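The values are calculated or read from the model by the stated rules, or taken from the named source; none is laboratory data. Keep in mind the model is a prediction, meaning the values are calculated, not measured. When we count neighbours, we look across all protein chains shown, and the Cβ atoms used for this are built from the backbone with ideal geometry, even at glycine. We work out accessible area using only protein heavy atoms, side chains counted, and drop any ligands, DNA or RNA first. Shrake-Rupley method; radii C 1.70, N 1.55, O 1.52, S 1.80 Å.
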Amino acid sequence: MSTASFSGSLLTLPPPQYHASICAAGEDGETGCRRCVESCPYLAMRPLATPEGTVIHIDGGLCQRCGACTGVCPTGALERAFLPDDELIGLLEEAVTEAPTAPLLVLAGTEHDAALGAFVPPSGPVARVTIPSLLILNENHFLHAARLGVAGIAVVGGPLSHHGSPALIEDALGLSEALGGPPTRYVEARAAAQIAIELTAFADSLPIRNPPPEPALAPRGRRREQLAALVQGSTVPSAPVPEAAFGRVSIQADGCTLCGACSRSCPTDALSFHPAQGSLTFEPIACVGCGLCEAACPEQVLTLTPGLPVGVDLLAPQTLVEDTVAACVSCGAPHLPERLLRSVRNLLDGRSDLPAEVAQIDRCPACRTIGVVEPEPVSAPQVARPAESGCGCSSETCCSSQPAQTTPAEPGVGRRSFLQGIGTALSALATLAAGGAPAQTPGGPAAAPKARRLGMVIDLEKCIGCHACTVACKAENDVPLGVFRDWVEEHLLGEFPDARPYFLPKLCNQCDDPGCLRACPTGAIFRRGDGIIDLEPDICIGCRACNQACPYGITFMNPARGTADKCNFCAHRIDEGLNPACVDVCPSQCRIFGDLNDDESPVSQYLRDRSTQVLRRDLGLGPNVHYVGLPAELNR
């Protein structure tokens, strides 16, 4: 009889390690997967809303290190401090190697270990594994044992080993069997003699199996990646399959606009949106049934049903919706599905009150944003001549009578660039009409007035972490509970006795080359003339492209209106000559706001007098929020 075991005290170990980046709990205050919270026998886990999304908080005092959360987590976001998957699989391989076609018996070391240590059913030996907690087991472990050739799997458990949650073990065994594994049996621990009778009957009922030709090791990776390799494209039988954190997605195709919101909300990429092909596909085995896709669908035409669809290839992507793709009118590249274009045009129909920047739906984001960042002006302004509308000059000596000095505009230049050029010329005309004259540089032509470029400096050496900015922002902009435009992160850097708290305020960086603007398919995100990156909610379709494109995690979905939202420096206050609310309310005056193109503004003077940093300069986005005293550990 082959035996492998693990020994050691669990309560002396740290609680499970949590990896928020692969958790399916949800983002921006949404309700997604809660399997760990619902399965914890000791109520040690709870969801916690943070500005960067929902995270799972583990109470180390309540946690008994049973491993239930790691056993049920469908994404592998929770990692236990004992018997990680590599070691557990190693124990299984060690036990099965000597008896590859025998039954596998899994026990907990605290119950009936000695009584069953010498148990051998009349039908022959068993491969036996002893572990400290049965709740760490999931379908992957049992399927791996099946690939190693075991004839069947029996698990013996009691209150000390299943912590009052035997259903979790039974679900894992049932799913393993439904996915093509060998017969399984769960035996509740009672008298050793009675257990032996049940195990003997189970072993005698098993079919004879031949040894596997080459037992394959389970892949090392995320849980669903392991499962995909273990099932190897097998078809789900027609028998009912336990839910076990799977889901079946169906869509009312006529109502779907192919906006891609469901795909962008999916934490495991089970849903894939292909804009250039105009299709939405679904991969059954990758779905963890978190429900985020159903909540994200703006049209509410997507339905998620718990469980696996029967009679399908688990690894074969299923096409849910298809449509023809319209080309960009500027560059000719594939742009958006026709049904999505029609939906946005309906939003634009009859609207004359919207900024001109948002009405460019027929152009792809790349063409829509070409030239939005103007170079620093040098010498006299040159007014571009529209290709089909004649000369754009306003001076007495028309430029058409002189050789052209400007470089022809590149194809696809965005409408915003043209409007900004016209705005510069009109500003110069207004100065002349008022009786003034453009400033002259010695020995040269008039200097162009610089456009406003609003920005902010946050002095972390002054920030006291009072969160007044967060409260003022939510009140001023009517931000719903659970989501934030502006917030303050709290960090502790260093070790005792030299540990020091740091408070890091976060808000939109109003980038020169914003990823959110480039990603927005409808033009709902646009740049104002003062450099503020603003959002028009009436044109937002809730596709979440901006959420994915912002590397700072600033844009979010506003649950009250179902569209994207972000900080815009309180643009409505700016238009009235006021500062953003967070600036005026700060008791330590750690926020300095103003025109970065005005050398005499307080923010420009602050930048000249102090060393500052921006978040993730390496990304090349040109953030216009600067920090004084930003530690390297927090520059992310």
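Considering the stretch 273-282, and only residues there that are open to solvent by 10 Å² or more (accessible area, probe 1.4 Å) and in contact with a Leu (Cβ under 7 Å, 6 or more places away or on another chain), the residue that is farthest from I361 (Cα to Cα) turns out to be T281.
Among the residues of the stretch 13-32, the ones that are in a helix (DSSP H, G or I) and either touching a residue at least 60 places away in the same chain (Cβ under 8 Å) or closer than 29 Å to P159 by Cα (or both) come to 1 in all.
Out of all the residues in the stretch 285-306, is one or more in contact (Cβ under 8 Å) with a residue 60 or more places away in the chain and of a type in the set (D, E)? Looking for residues that are in contact (Cβ under 8 Å) with a residue 60 or more places away in the chain and of a type in the set (D, E), one finds none in the stretch 285-306, hence no. Could you please tell me which pairs satisfy a Cβ distance under 7 Å, a separation of 6+ or placement on different chains, a first residue in the stretch 157-178 that is of a type in the set (V, I, T), and a second residue that is open to solvent by 10 Å² or more (accessible area, probe 1.4 Å) and in a strand (DSSP E or B)? Once the first residue is of a type in the set (V, I, T) and sits in the stretch 157-178, its partners that are open to solvent by 10 Å² or more (accessible area, probe 1.4 Å) and in a strand (DSSP E or B) give I169/Y186. Considering only the stretch 563-574, I want to know if a residue exists there that is open to solvent by less than 10 Å² (accessible area, probe 1.4 Å), assigned to a helix (DSSP H, G or I) and in contact (Cβ under 8 Å) with a residue 24 or more places away in the chain. For the stretch 563-574, residues open to solvent by less than 10 Å² (accessible area, probe 1.4 Å), assigned to a helix (DSSP H, G or I) and in contact (Cβ under 8 Å) with a residue 24 or more places away in the chain: present.
Which condition does A102 not pass, out of (1) modelled with pLDDT of 85 or more; (2) surrounded by 23 or more Cβ atoms within 10 Å (Cβ to Cβ); (3) within 22 Å of L206 (Cβ to Cβ), if it passes all the others? So the condition that A102 fails would be (1).
Checked against (1) in contact with a helix residue (DSSP H, G or I) (Cβ under 7 Å, 6 or more places away or on another chain); (2) touching a residue at least 60 places away in the same chain (Cβ under 8 Å); (3) farther than 30 Å from A228 by Cα, A326 passes all but a single condition, namely (2). Scanning the stretch 1-19 for residues that are in contact with a Ser or Thr (Cβ under 9 Å, 6 or more places away or on another chain), open to solvent by 50 Å² or more (accessible area, probe 1.4 Å) and at pLDDT below 90 yields T3, S5, F6, S7.
Taking the stretch 598-620, which residues are open to solvent by 30 Å² or more (accessible area, probe 1.4 Å), on the phi < 0 side of the Ramachandran plot and of a type outside the set (K, R)? Residues satisfying the conditions are D598, D599, E600, P602, Q605, L607, D609, S611, T612, Q613, D618, L619. Checking the stretch 225-243 against the condition returns no match, with no residue being at pLDDT 90 or above and part of a loop (DSSP other than H, G, I, E, B).
Conditions tested, residue by residue: (1) part of a loop (DSSP other than H, G, I, E, B); (2) over 24 Å from L336 (Cα atoms); (3) touching a residue at least 24 places away in the same chain (Cβ under 8 Å); (4) open to solvent by less than 30 Å² (accessible area, probe 1.4 Å).
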{"site": "R518", "(1), (2), (3), (4)": "no, no, yes, no"}
{"site": "G529", "(1), (2), (3), (4)": "yes, yes, yes, no"}
{"site": "Q548", "(1), (2), (3), (4)": "no, no, yes, no"}
{"site": "Y552", "(1), (2), (3), (4)": "yes, yes, yes, yes"}
{"site": "G577", "(1), (2), (3), (4)": "yes, yes, no, no"}
{"site": "D584", "(1), (2), (3), (4)": "no, yes, yes, no"}
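If you go through the stretch 63-88 and keep only what is assigned to a strand (DSSP E or B) and either on the phi > 0 side of the Ramachandran plot or open to solvent by less than 50 Å² (accessible area, probe 1.4 Å) (or both), you end up with just L78. Scanning the stretch 33-62 for residues that are at pLDDT 90 or above and part of a loop (DSSP other than H, G, I, E, B) gives C33, R34, C40, P41, Y42, L43, A44, D59, G60, G61, L62.
Applying the condition of being on the phi > 0 side of the Ramachandran plot and under 21 Å from the mean Cα position of the chain (by Cα) to the stretch 531-546 and asking which residue is least open to solvent (accessible area, probe 1.4 Å) yields G542. If you filter the stretch 520-545 down to residues that are small (G, A, S) and out of contact with any strand residue (DSSP E or B) (no Cβ under 8 Å at 6 or more places or on another chain), you find that the one that is nearest to C586 (Cα to Cα) is G529. Any residue that is open to solvent by 50 Å² or more (accessible area, probe 1.4 Å), of a type outside the set (S, T, N, Q), at pLDDT 95 or above and over 31 Å from the mean Cα position of the chain (by Cα) - is there at least one of those in the stretch 586-597? Checked against the condition, which is being open to solvent by 50 Å² or more (accessible area, probe 1.4 Å), of a type outside the set (S, T, N, Q), at pLDDT 95 or above and over 31 Å from the mean Cα position of the chain (by Cα), the stretch 586-597 yields at least one hit.
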